[in-house]
Amino acid sequence: MHKVLLTGNEAIARGAFEFGVGVGAGYPGTPSTEILENFVNYPGVYAEWAPNEKVALEVGFGASLAGARALVTMKHVGLNVAADPFMTMSYTGVNGGLVLISADDPGMYSSQNEQDNRFYARFAKIPLLEPSDSQEAKDFLKEAYLISEQFDTPVLFRLTTRLSHTRTPVLIGEDSSGPVVRDWQKNISKFVMLPGYARKRHLVVEERRLRLQEYAETSGLNQVVWGSRSIGIIASGVVFNFAREALGEDASYLKLGLTYPLPLQLISAFASQVERLIVVEELEPFLEDQIKAAGIAVEGKSLFPRVGELDPVLIEQGIRGASRFEAYYQIPDGLPGRPPIMCPGCPHRSVFYVLHKLKARVTGDIGCYTLGAMTPFEAMDTCLCMGASIGASLGMEKARGSEFARRLVAVIGDSTFVHSGITGLIDHIYNQSTGTIIILDNRTTAMTGHQDHPATGLTLSGQETAKLDLVALVRSLGVRSVRTVDPYDLKATEQVIREEMDREELSVIITNRPCVMISKERLLKEMTHQDKCTGCKKCLRLGCPALYLAGDRVRRDEELCNNCAVCEQVCPQVKGETEEDE
Amino acid sequence: MSENTSIIITGVGGQGILLASRVLSSAALKAGHQVKISETHGMAQRGGSVITHLRYGSTIYSPLISVGQADYVLGFEKLEAVRCIPYLNKNGLLIINDQEIPPLPVLLGQIIYPEITADSFRSSAPRLLLLKASAKAQQLGNSRVVNMILLGCLAQYLDISREHWQSAIEECVQPKYLELNEQAFTAGMQIQ
């Protein structure tokens, strides 16, 4: 046994290996991505990127029924996609233990919303575990598999960004002697959810919920830490550590590791021993509302924000009216912000430059390219969820007619297209749209740190596999106009987009440069525009971090530059023009 | 909580902050401390502001450092370093790499990059070190090792032995870059 520093995500991967998990499946999504990336490196396990979270959970379901312990990972919004199998798996239960990791993102460091996925546990009547550091992430995961198998239920295991991406010491246990596999037994009335069978299973779910509630009252996952009894804090996850930092010995703590179903007797007993009972929880009053419904007097969201991440300062301010943590030194007002930007040489840049120039209406999607909505392009009008760009553009066309559709472009990345864009495209074909869809194929899932997917030709374990051919796929669905274009060729990119926007039938454009961070491909063209610079600043409209203004001339930072040479192509001096061409 | 050490490491995505913070946390663990280190992943890594909270000592609860509680702010980039000044405690030390990476609003000419010199902090953060670590890294032949130079400089102030630093660097750095990173760390330790 030795101690190492692991992130919450790494600790879960390690715990899954030590506990004989045989199958892992998921879809990349910050902050969950590194769990499977680490798990796949352990010997004797199978792990995969599925095309989306729904398929990942279905793979986990099958693995569990076949007798393996299964680990399914996703970010919070991924569970919306996987909610269909999730809700009914509560009825079927499991064979081998199944744990679904939901990595929530309070504060929205890398997400489109900050929904509180604890509600999914209550919604599906599935037990919910919340660790507070990496050691607990590993230890609780083992408990989660025991609960899953003992109570015949999937288990929801909730992380937050602050836990997933914080390193704390973890005791490394024994290596697994190999995945655990239970016998497969045919059981139609348990695993085939026809209404007649499902009605009987619902009774089982309700009976299980009561047994879990009883279990929660005595589970070691819930613990009391006594300090001053003037304040009693109920908290779970990383918030427990924030509260302890803020109040130290001035409070007692009921730390809940099992947050659904709640141990209401334990909470009631704790309440009776403290003067003031306070629930400290991030986002929604999930615990507070249930405790109040049980008739226990408690304070909570009246003291703390319902949005964003909590921290010790917010907790102390909420409880004491002021925090002892104060800044000694102030910063000057009006410091420039530093929003994330497309990398130098990013192949998405020229597409958004053109869309801006053509004044296109753009339905957008989830990925690095969502940055196309930011200055200087502002060439995106919607971003809702994975795959939504395609359905939204069809809806806009149906609302406003094909003339409106001439200016309408849906923009989606390759991984996102495979995740949930294909069905939207089928709707375009089926219901006869005349729209334009651009698939920004950079051959990776870039935003989450470059994961492979079905169109890259590599698996999570790095093995070569069948490569989904996007052009052939789109053609086979029935799109007649399918064109590929090199986004480093600005003129061709503009021409293709212009022609396909004008075309009065559905067209799909696929850009074909890989992400600049994973590719060694460069144009390596000698760049001259900075020598000819007259200070027109047209190239600055590319928003490239390698171009900067020195006095009244633009310079190129050669160390940052990745030689895509798109800036050369917008430079009027290089093009030999005396006036701008627009 | 004076027995605990709290360090903010900040800069721009892609500057090697994750590696520096991993070496530091590993060295602290080897020295027998409890350690918590909170990193930035995801979208901010695309050229955005990146901040790592690192705490070690006997008992650490919060992985986040509250305002006014950091013993050190190690800034890989000037503007980002300045942004983190409110984290410093009264005697906190601000170590700044003398490098400017203009953010997009500056590149577009919408706002000017603020002038940040040693003098501009005399009143707002009394203890300040402004280092030419990027120039030093180029002298060593690889601009990427600026992170190890800065870490070496910070190491002079921390109660962690050279042996633990050495072993942490060996653990975190790929063998082919080990010698270069060790040189950079040593160069940082020699900065006065």
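Values in this text are rule-based calculations from the coordinates and carry no lab data. A quick note: this is a predicted structure, and the numbers were derived from the prediction, not measured. Every residue, glycine among them, receives a Cβ derived from its backbone with ideal geometry; neighbour counts consider all protein chains shown.
Figures for the structure shown
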item: Cα-projected label distance for A:Val225 with A:Lys491, points at 7 Å along beta-carbon direction, nm; result: 6.7
item: Gain upon complete extension [A:Leu210, A:Lys532; 0.36 nm per residue less C-alpha separation]; result: 108.2 nm
item: Unit Cα scatterers, Debye sum, the stretch A:351-422: log10 I(q)/I(0) for q = 0.18, 0.20, 0.22 Å⁻¹; result: -0.63, -0.77, -0.91
item: Whole-number percent relative contact order across the stretch A:223-320, with pairs defined as alpha carbons under 8 Å at least 6 apart; result: 31
item: Nitroxide proxy distance, nm - points 7 Å out along Cα→Cβ at B:Glu115 and A:Val307; result: 3.8
item: Prolate/oblate/rounded label for the stretch A:2-218 (Cα gyration tensor, a/c 1.5); result: prolate
item: Residues A:Ala327 and B:Arg162, FRET efficiency given R0 of 30 Å [Cβ-Cβ distance, rounded to 0.05]; result: 0.30
item: Peptide A:339-349 - average C-beta neighbours from other chains (10 Å radius); result: 3
item: Note, ³J(HN,Hα) from phi for the stretch B:177-192, Karplus 6.51, -1.76, 1.60, rounded to Hz, x at Gly and Pro; result: 9, 4, 4, 4, 5, 5, 4, 5, 4, 4, 4, x, 5, 8, 5, 8
item: GluC sites (Glu not before Pro) within the stretch A:208-307: DSSP coil, no more than 13 neighbouring Cβ in 10 Å; result: A:Glu275
item: Distance-filtered residues of the stretch A:72-103 - backbone nitrogen under 20 Å, label point 7 angstrom along A:Arg199 Cα→Cβ; result: A:88-93
item: Among beta bridges that DSSP assigns inside the stretch A:447-569, antiparallel share in %, nearest 5; result: 50
item: The stretch B:5-189: relative contact order as a whole-number percent, Cα under 8 Å and 6+ apart; result: 22
item: Rounded to 5, percent antiparallel among DSSP beta bridges of the protein assembly as shown; result: 35
item: Label point 7 Å beyond Cα of A:Ala294 along Cβ direction - residues of the stretch A:244-270 with amide nitrogen under 15 Å; result: A:254-270
item: Shielding by partners, peptide A:23-34 (average Cβ within 10 angstrom, other chains); result: 1
item: Helical mean residue ellipticity (222 nm; -39500 (n - 2.57) per DSSP H run of 4+; nearest 500) of chain B; result: -10000 deg cm²/dmol
item: Protection-proxy order for peptides A:258-266, A:6-14, A:439-447, each taking the mean of Cβ atoms within 10 Å per residue, highest first; result: A:6-14, A:439-447, A:258-266
item: Label zone at A:Asp557, where the point sits 7 Å out along the Cα-to-Cβ direction: the stretch B:1-31 residues whose backbone N lies under 15 Å; result: B:11-17
item: Phi to ³J(HN,Hα) by Karplus 6.51 cos²θ - 1.76 cosθ + 1.60 over the stretch B:73-87, Hz, x for Gly, Pro; result: 10, 9, x, 7, 8, 5, 4, 5, 4, 5, 4, 9, 3, x, 6
item: Contour excess over end-to-end distance, with Cα ends at A:Glu174 and A:Gln317 and 0.36 nm allotted per residue; result: 47.1 nm
item: Residue-wise HN-Hα coupling along the stretch A:208-213, computed from phi with Karplus coefficients 6.51, -1.76, 1.60 (Hz; x: Gly, Pro); result: 5, 4, 5, 5, 5, 4
item: Point-to-point label distance, A:Asp152-A:Asp84, nm (Cα→Cβ direction, 7 Å offset); result: 2.6
item: Relative contact order %, the stretch A:2-218, counting alpha carbon pairs below 8 Å whose residues are six or more apart; result: 29
item: With at most 15 neighbouring Cβ atoms within 10 Å, loop chymotrypsin sites (Phe, Trp or Tyr not before Pro) (DSSP) excluded, longest segment of chain A; result: A:227-582
item: Amide H contacts of B:Asp98 (H built 1.01 Å from N, under 5 Å, at least 5 apart or other chain); result: B:Leu131, B:Lys132, B:Ala133, B:Ser134
item: Listed residue pairs exceeding 23 Å between alpha carbons, taken from A:Lys357/A:Lys575; A:Lys138/A:Lys255; A:Lys138/A:Lys301; result: A:Lys138/A:Lys301
item: Cα-based Lys proximity count in the stretch A:428-545, under 20 Å, for pairs eight or more positions apart or on separate chains; result: 4
item: Neighbourhood charge, 12 Å Cβ-Cβ cut-off, centred on B:Gly92 and excluding it, Lys, Arg +1 and Asp, Glu -1; result: +1
item: Cα-based helix-to-principal-axis angle, A:490-502 vs chain A, degrees rounded to 10; result: 80
item: Net charge of Cβ neighbours under 10 Å - reference B:Val106; Lys, Arg +1; Asp, Glu -1; result: 0
item: Shielding score for A:244-254, defined as the mean number of other chain Cβ atoms within 10 Å; result: 2
item: Chain lengthening between A:Arg503 and A:Ser519 when straightened (0.36 nm per residue, less Cα-Cα); result: 2.5 nm
item: DSSP-defined beta bridges in the stretch A:223-320 - what % are antiparallel, rounded to 5; result: 25
item: On Cα atoms only, tilt of A:388-400 relative to the major axis of chain A in degrees; result: 60
item: With Cα atoms, 0 to 90° folded angle of helix A:8-18 axis to chain A main axis; result: 60
item: Prolate/oblate/rounded call for the protein assembly as shown, Cα gyration tensor, a/c under 1.5 rounded; result: oblate
item: Zero-based 10 Å bins, Cα pair distances in the stretch A:59-174, whole percents; result: 15, 46, 32, 8
